[in-house]
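The values are calculated or read from the model by the stated rules, or taken from the named source; none is laboratory data. As the structure is a computational prediction, the values presented were derived from the model and not from experiment. Please note: Cβ atoms are built from the backbone with ideal geometry, for glycine as well, and neighbour counts cover all protein chains shown. Just so you know, the surface numbers come from the protein's heavy atoms only, side chains and all, with ligands and any DNA or RNA stripped out. Shrake-Rupley method; radii C 1.70, N 1.55, O 1.52, S 1.80 Å.
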Amino acid sequence: MRYALYFTPPMSDALQRTASRWLGRNAFSGAALDHPDDTGLGIDDIAAITEAPRRYGFHATIKAPFALADGLTKADLLSEIMHFCGELEPFELTPLRIERLGPFFALTPSAPSPALQGFADAVVRRFNRYHAPVSEADRARRNVDRLSERQVAYLDSFGYPYVFEEFRFHMTLTGPVDAGDADRVEAALHQVFAPFLDKPVSLSNLALFVEPEKGAPFSVDSLHPLGSFKAARRAAAQ
């Protein structure tokens, strides 16, 4: 079993509903969903380009999938997440945009955010002791020959090469898209996600996702709101 710490909007959120339908799967319920049929792309085309991200569900990676270190349990991890999130305050991401990152498309913030960077850095540091050591198979899967020296060092130390200054928040919407299809896919994405572009998004939780067995779809195990402890103390003080 592997775990991951992701950001994803709540199940009832309009962006979550739209993105889940685009991907063809709800990561909260595990239910398969019909792709939108009014995008200018065929249903089979959408199914093909969303195959890879569908398994992971709609999310932004904060701490990449990991097996638990020896001696630690899921209960330990859940307790740590609850305490970590409870002491933080929610914040807003800068407005989202559709961006092509290499061969795939994603929703990304339109400007850098010190609050987001600080949050991501804190998650990586706080939960570093929870992941098992990186195996040779993990290193091979990451194609370490294509990584920079710093990225390899981060992979070995933190289980993921894209942390700290290498981190880039993105919510993946497609797998690799052929260059000849990129314009059509981008136009479809702008049509589907138009209501959410150029608008801020509240980062108000950290989600624990679970992969029950190798290659299985990831699902939301639990959603942990930011600021619950501080809110409780403020309420008690009134």
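Data for the structure
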| quantity | calculated |
| --- | --- |
| Theoretical gain in end-to-end length, Glu149 to Ile43 [0.36 nm per residue, Cα-Cα removed] | 34.0 nm |
| Ratio of Rg to Rh over the chain (Cα coordinates, Kirkwood Rh, two decimals) | 0.96 |
| Distance (nanometres) between label positions extended 7 Å along Cα→Cβ at Arg139 and Glu186 | 3.8 nm |
| Amide H within-cut-off set for His224, under 5 Å, with H built and near neighbours excluded | Leu206, Ala207, Leu208 |
| Simple label model, 7 Å out from Cα along Cβ direction - Met11 to Ala179, nm | 4.4 nm |
| Per-peptide average of other Cβ atoms within 10 Å, ordering 206-212, 147-153, 181-187, 2-8 highest first | 2-8, 206-212, 181-187, 147-153 |
| Residues of the range 2-236: accessible area per residue with a 1.4 Å probe, Å² | 47 Å² |
| Label-point separation, Arg129 to Leu72 (7 Å along Cα→Cβ), nm | 0.8 nm |
| Cβ-based net charge around Asp121, under 12 Å, with every Lys or Arg adding one and every Asp or Glu removing one | +1 |
| Residue-span extension gain [Leu197 to Met82] - 0.36 nm each, minus C-alpha spacing | 38.3 nm |
| Intensity falloff of the range 87-218 expressed as log10 I(q)/I(0), Debye formula with alpha-carbon point scatterers, at q = 0.09, 0.10, 0.22 Å⁻¹ | -0.34, -0.42, -1.40 |
| Calculated from backbone phi, Karplus (6.51, -1.76, 1.60) coupling profile of the range 152-157 in Hz, x at Gly/Pro | 5, 4, 5, 4, 5, 8 |
| Rounded percent of accessible protein surface that carbon and sulfur make up, the range 61-201, 1.4 Å probe | 52 percent |
| Anisotropy class of the range 26-120 from Cα gyration tensor, a/c 1.5 cut | oblate |
| Per-residue ³J(HN,Hα) for the range 19-33, Karplus 6.51 cos²θ - 1.76 cosθ + 1.60, θ = phi - 60°, Hz, x for Gly and Pro | 5, 5, 5, 4, 6, x, 7, 9, 6, 7, 9, x, 6, 6, 10 |
| Dipole magnitude of the chain, debye to nearest 20 (Cβ charges: Lys/Arg +1, Asp/Glu -1, about Cα centre) | 680 debye |
